[in-house]
DNA sequence: CGATCATTTGACACCGGTCAAGTTTTGTGG
DNA sequence: CCACAAAACTTGACCGGTGTCAAATGATCG
């Protein structure tokens, strides 16, 4: 109740996105004593599919993947999350997927009922959900319609901020169009995200290397030698 | 502003799902004169990807599909929506996909800014988003990890209300375990939803028929002769 | 009843999966 | 820092599930 009032006072107008107004209210809400902030090691499990969904989470620092398993062990990573993404949000009573850190992470933990009663949370959450929704749409295209090459290329491009989108400014006029990426994922995790096998991911990466499109600095550290060329391999253009 | 106040008075507590409280407020909001209700024919386009996202939509009756296109014409249907689902919700300024009716439909149209300023809308919208999110996760598993047989079987099971979920009650003790489905989709639309080709969809359906699992009453009207058996073909068990 | 469109079926090719080594990287203990 | 083991990754050979292309069949609607 107290949070609810505070949320109202600070937030007031609730938006579907495009504003940064609700965030101040959310930040204030996050400072309340009932909101905890936890540290996780890499590859810690935050929650399992089927666990009672009593908390919601906000990733402050690091990376988290959400995945689902089929009874025979096949795995699909459904989302890869970065700072400011929220997860564990659900309309049902149990989590619909597993959440595991990819890197050491700092995660804010909020009691579900607290958030439900807080308007500032609503607005903040909706904005997060909408962005994630778009990412899921894009990922459905990748999984349903792209070749292995296009999947891996799209995956690499996703780490290059500001490029590969519809409003891509193109390479800066001066110098080379390079970019170094820290994957923070094993080949298996990449494969399970892209709907491929580990061997196929490995083969495509080797081939990109052979063709000079990328250089492997360290197994999970890849240099894209020409971002613009890589972008043309994604199928999205 | 007026809507905002009304939403507050009627709604009060905002929830992340599981309640039906915000819905009354939403229903009242929907009755306001600025909210229009439109009728569409089958295969009408509601909006195109890239159109300025100035309105949000609530499907009252009928079915709608959302799809994305790659520059070379490949298509992926990312969501199939039914009554009470909302669409056109976005954090960015333009729609991220195309929306097209599958059947004649009744659709409520709300100005985006009106909804953004209405708390009742927030709560209602969040609930819809969460449910759609879960559906998208499930669909990612289908697209990334299921065989053609499993995809088509999963697709058919999705039309059997209350079965195939984790808490499936199983067949009713008495009599046969049949169910008749109206697809309302062409083979091409099904293929584009399942990430397959039209030929593969057709072959799988023919094969299910040959094996006696389904009977085709009319091209887009299929009888599942044994729901429980069909369910075991989905890979989800 | 014919024209048009949707669907089915067949033959074949190829992408990506499977299985089985190798090779490299990482981590641990001396 | 090195030695060794374990894990992660790469590479090769082969196969099978889907896609592609083409033709036949079936539905729909004047």
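The values are calculated or read from the model by the stated rules, or taken from the named source; none is laboratory data. Computed from a predicted model, the values in this text were never measured in an experiment. Neighbour counts are summed over all protein chains in view; Cβ atoms, including those assigned to glycine, are modelled from backbone coordinates with ideal geometry.
Summary table below
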item	result
The range B:160-197: number of residues that are touching a helix residue (DSSP H, G or I) at 6+ places or on another chain (Cβ under 9 Å) and at pLDDT 95 or above	12
The range B:171-183: number of residues that are more than 12 Å from residue B:156 (Cα to Cα) and in contact with a strand residue (DSSP E or B) (Cβ under 9 Å, 6 or more places away or on another chain)	2
Test: residue B:233 is within 15 Å of DNA strand D (Cβ to nearest atom), over 21 Å from the mean Cα position of the chain (by Cα) and within 14 Å of another protein chain (Cβ to nearest Cβ)	yes
Residue among B:22, B:18 that is modelled with pLDDT under 95, within 14 Å of chain A (Cβ to nearest Cβ) and buried (at least 21 other Cβ atoms within 10 Å of the Cβ)	B:22
Helices (runs of 4 or more DSSP H) lying entirely in the range B:109-189 (those with 1 or more residues that are within 16 Å of DNA strand C (Cβ to nearest atom))	B:119-145, B:148-157
Positions within the range A:198-221 being at pLDDT 95 or above and under 21 Å from the mean Cα position of the chain (by Cα), in sequence order	A:198, A:201
Some residue of the range A:28-44 being in a loop (DSSP other than H, G, I, E, B), more than 19 Å from the chain's Cα centre (by Cα), more than 9 Å from chain B (Cβ to nearest Cβ) and surrounded by 13 or more Cβ atoms within 10 Å (Cβ to Cβ)	yes
Filter result for the condition that a residue is in contact (Cβ under 8 Å) with a residue 12 or more places away in the chain, surrounded by fewer than 16 Cβ atoms within 10 Å (Cβ to Cβ) and in the same structural domain as residue A:132 (by TED's automatic domain parsing), over A:48, A:87	A:48
Residue within the range B:189-198 that is away from DNA strand D (no atom under 15 Å from the Cβ) and within 14 Å of another protein chain (Cβ to nearest Cβ) present	no
Residue within the range A:154-168 that is near DNA strand D (Cβ under 10 Å from one of its atoms) and either crowded, with 18+ Cβ neighbours inside 10 Å or within 14 Å of another protein chain (Cβ to nearest Cβ) (or both) present	no
Of all residues making up the range B:199-230, the number that are within 13 Å of DNA strand D (Cβ to nearest atom), part of a loop (DSSP other than H, G, I, E, B) and out of contact with any strand residue (DSSP E or B) (no Cβ under 7 Å at 6 or more places or on another chain)	1
Yes/no for residue B:232 being crowded, with 18+ Cβ neighbours inside 10 Å and touching a helix residue (DSSP H, G or I) at 6+ places or on another chain (Cβ under 9 Å)	no
Restricting the range A:172-183 to residues that are under 16 Å from the mean Cα position of the chain (by Cα) and surrounded by 18 or more Cβ atoms within 10 Å (Cβ to Cβ), the residue that is farthest from DNA strand D (Cβ to nearest atom)	A:181
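To keep it simple, each residue is scored yes or no on (1) at positive phi; (2) surrounded by fewer than 22 Cβ atoms within 10 Å (Cβ to Cβ); (3) more than 11 Å from chain B (Cβ to nearest Cβ).
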site: A:107; (1), (2), (3): no, no, yes
site: A:110; (1), (2), (3): no, no, no
site: A:113; (1), (2), (3): no, yes, no
site: A:127; (1), (2), (3): no, no, no
site: A:138; (1), (2), (3): no, yes, no
site: A:141; (1), (2), (3): no, no, no
site: A:146; (1), (2), (3): no, no, no
site: A:149; (1), (2), (3): no, yes, yes
